[in-house]
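Chemist: Take this structure, written in structure tokens, and hold onto it; I'll ask about it next.
Please treat every number below as a calculation from the coordinates, not as lab data. Note that the coordinates shown come from a computational prediction; the quantities given were computed from them, not determined experimentally. Cβ placement follows ideal geometry from the backbone for every residue including glycine, while neighbour counts extend to all protein chains displayed.
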Amino acid sequence: MTTLGTIDGHGAPDERQPDEPTPDPACHAGPPTAEPGQGPHGYSKDKDAHLKRLRRIEGQIRGLQRMVDEDVYCIDILTQVSASTKALQSFALQLLEEHLRHCVAHAAQEGGPEIDAKVKEATAAIGRMLRT
């Protein structure tokens, strides 16, 4: 895996392969100052629910830190790691579905070379998810 830098500017690694397309910062043109829930991305309408879910996952990770700090039995920690991993995978799958329904569907409606780029981008994202 090649790390190309960061996607979000907050240190999250960009794990795309060198030949993969650069992600479009917005799935399609949208108002830069959209109302909450009206952003340009497929997840925008459920943003609050996604943030709540991510905070719950963050709590699971903090629980892992506590478990290690308190010298909890290895298998108990591994059980919690598995639960946290499944929660992240479930979140990723939901986000992917919303991307397909919104961003890829929009590109399909627009036609042209954008649909090929969106399909390639989604396929690469699925490949990254399967490697984890």
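Chemist: Take peptides 93-99, 41-47, 71-77, 53-59 and line them up by average Cβ neighbours within 10 Å, highest first, as a rough protection proxy.
Modeler: 41-47, 93-99, 53-59, 71-77
Chemist: Taking the mean number of other Cβ atoms within 10 Å as a proxy for protection, how do you rank 114-122, 84-92 from highest to lowest?
Modeler: Averaged packing, sorted descending, gives the order 114-122, 84-92.
Chemist: Could you name the lysines in cross-link range of residue 120, using Cα to Cα under 26 Å and dropping any fewer than eight places away on the same chain?
Modeler: The qualifying lysines are 45, 47, 86.
Chemist: Taking the Cα-to-Cβ direction at residue 124 and at residue 73 and moving 7 Å from each Cα, how far apart do the two end points lie in nm?
Modeler: 4.5 nm
Chemist: To continue, here is another question. Name the long-range amide H neighbours of residue 42: under 5 Å, sequence gap of 5 or more, or other chain; modelled H, no Pro or chain starts.
Modeler: So residue 42 has HN proximity to 103.
Chemist: Read phi for every residue in the range 81-98 and hand back ³J(HN,Hα) as whole Hz from Karplus 6.51 cos²θ - 1.76 cosθ + 1.60, θ = phi - 60°, with x for Gly and Pro.
Modeler: 4, 4, 5, 5, 4, 4, 5, 5, 5, 5, 4, 4, 5, 4, 4, 4, 4, 5
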